[in-house]
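Data block below; observations after.
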Amino acid sequence: MVGVTGTLGNALVIYVFCRSRALRSPSNLLVVNLAVADFLMSLTQSPVFFVASLHRHWPFGELACELYAFCGALFGIASMMTLTAIAVDRCLAVTRPLARLGGVSPGRVRLVLAGVWLYSLCWSLPPFFGWSAYVPEGLQTSCSWDYMSFSAAVRSYTVLLFTFVFFVPLGLIAGCYWAIFRAVRRAGREARWHLAKVALGVILLFIVSWSPYSVVALTATAGHAHLLTPYMNSIPAVIAKASAIHNPIIYAITHPKYR
């Protein structure tokens, strides 16, 4: 269900935003990029996870395990970075409307998107080169980076990964929405607040989806891996991959032009 909904829903978002001239704005390129990351997440993760679960072990070999985990890391990080960019874009639209009166240039947005994917690559490639590793996890039906080993390389990678991919973006997002809240409360800009609420809903759902994974990984990194059962490792992975289905649902329901 997650795989089918995530793949078809995000493919529909990409199709509609690309085909509709009314939606083809520079800021909406961020929305399309989010849908692309979620679409690729669903396409590369769910079918493989489903087949491995039927076998009750990882049947595809070590290389496929590494590629599967790499794709999950790359597209998951790209989603979080895109959500951060959307929050900053909404913040500037609400708090500095005069400075953005001429709109955001497509070239600048493409530069931001290139930075998003480059940043995501920088954090998803190190396990191939010995800084942590991509290994089977939980019930051995999926693969992720190694957060269970208690080595210096694994612990340092996990701590820095969550710092710069989860907590720092979360701080930026929280700061942006606090600024939006203050600006809207002062000026009563309801139309802009609607756009901000849509993005905020997507971001909150993303955080809820990835927080269980964060708790499990950081628990192991702190030296308490013995407290985690295979089910406790596997269920957060399913919840995290389900984050790909939220965005098309929210945009379909709340975006009048898209609807």
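Within region 30-56, the set of residues being of a type in the set (S, T, N, Q) and open to solvent by less than 10 Å² (accessible area, probe 1.4 Å) comprises 42, 45.
Residues in region 180-187: is at least one open to solvent by less than 40 Å² (accessible area, probe 1.4 Å) and either under 27 Å from residue 49 (Cβ atoms) or modelled with pLDDT of 90 or more (or both)? No: region 180-187 contains no residue that is open to solvent by less than 40 Å² (accessible area, probe 1.4 Å) and either under 27 Å from residue 49 (Cβ atoms) or modelled with pLDDT of 90 or more (or both). Number of residues in region 243-258 that are open to solvent by 20 Å² or more (accessible area, probe 1.4 Å) and either more than 14 Å from residue 10 (Cα to Cα) or touching a residue at least 12 places away in the same chain (Cβ under 8 Å) (or both): the value is 10. Among the residues examined, residue 76 qualifies as of a type in the set (Gly, Ala, Ser), crowded, with 18+ Cβ neighbours inside 10 Å and at pLDDT 90 or above.
The numbered conditions (1) at pLDDT 85 or above; (2) open to solvent by 50 Å² or more (accessible area, probe 1.4 Å); (3) in contact with a helix residue (DSSP H, G or I) (Cβ under 8 Å, 6 or more places away or on another chain) are all true for residue 173 except (2). The numbered conditions (1) at pLDDT 85 or above; (2) hydroxyl-bearing (Ser, Thr, Tyr); (3) surrounded by fewer than 22 Cβ atoms within 10 Å (Cβ to Cβ) are all true for residue 95 except (1).
When the residues of region 204-238 are filtered to those that are under 30 Å from residue 23 (Cα atoms), in contact with a helix residue (DSSP H, G or I) (Cβ under 9 Å, 6 or more places away or on another chain) and hydrophobic (A, V, I, L, M, F, W, C), the one that is least open to solvent (accessible area, probe 1.4 Å) is 206. From the list 135, 104, the lone residue that is modelled with pLDDT of 85 or more, surrounded by fewer than 21 Cβ atoms within 10 Å (Cβ to Cβ) and not hydroxyl-bearing (Ser, Thr, Tyr) is 135.
Considering 75, 60, the condition of being closer than 30 Å to residue 180 by Cα, of a type in the set (Phe, Trp, Tyr) and touching a helix residue (DSSP H, G or I) at 6+ places or on another chain (Cβ under 9 Å) is satisfied by 75 alone.
Of all residues assigned to region 5-24, at least one qualifies as being closer than 30 Å to residue 104 by Cα, of a type in the set (S, T, N, Q), open to solvent by less than 60 Å² (accessible area, probe 1.4 Å) and assigned to a helix (DSSP H, G or I). What residue, of 112, 116, is open to solvent by 20 Å² or more (accessible area, probe 1.4 Å), within 21 Å of the chain's Cα centre (by Cα) and among the β-branched types (Val, Ile, Thr)? After applying the criteria, what remains is 112. The set of residues in region 213-246 that are among the β-branched types (Val, Ile, Thr), within 16 Å of residue 139 (Cα to Cα) and either in a loop (DSSP other than H, G, I, E, B) or more than 13 Å from the chain's Cα centre (by Cα) (or both) comprises 216, 229, 235, 238.
The values are calculated or read from the model by the stated rules, or taken from the named source; none is laboratory data. In this text, all values refer to a predicted model and were calculated from it rather than measured experimentally. Cβ sites come from the backbone with ideal geometry, for glycine too, and all protein chains shown count toward neighbours. For the accessible areas, the whole protein counts, side chains as well, though only heavy atoms, and no ligand, DNA or RNA atoms are used. Shrake-Rupley method; radii C 1.70, N 1.55, O 1.52, S 1.80 Å.
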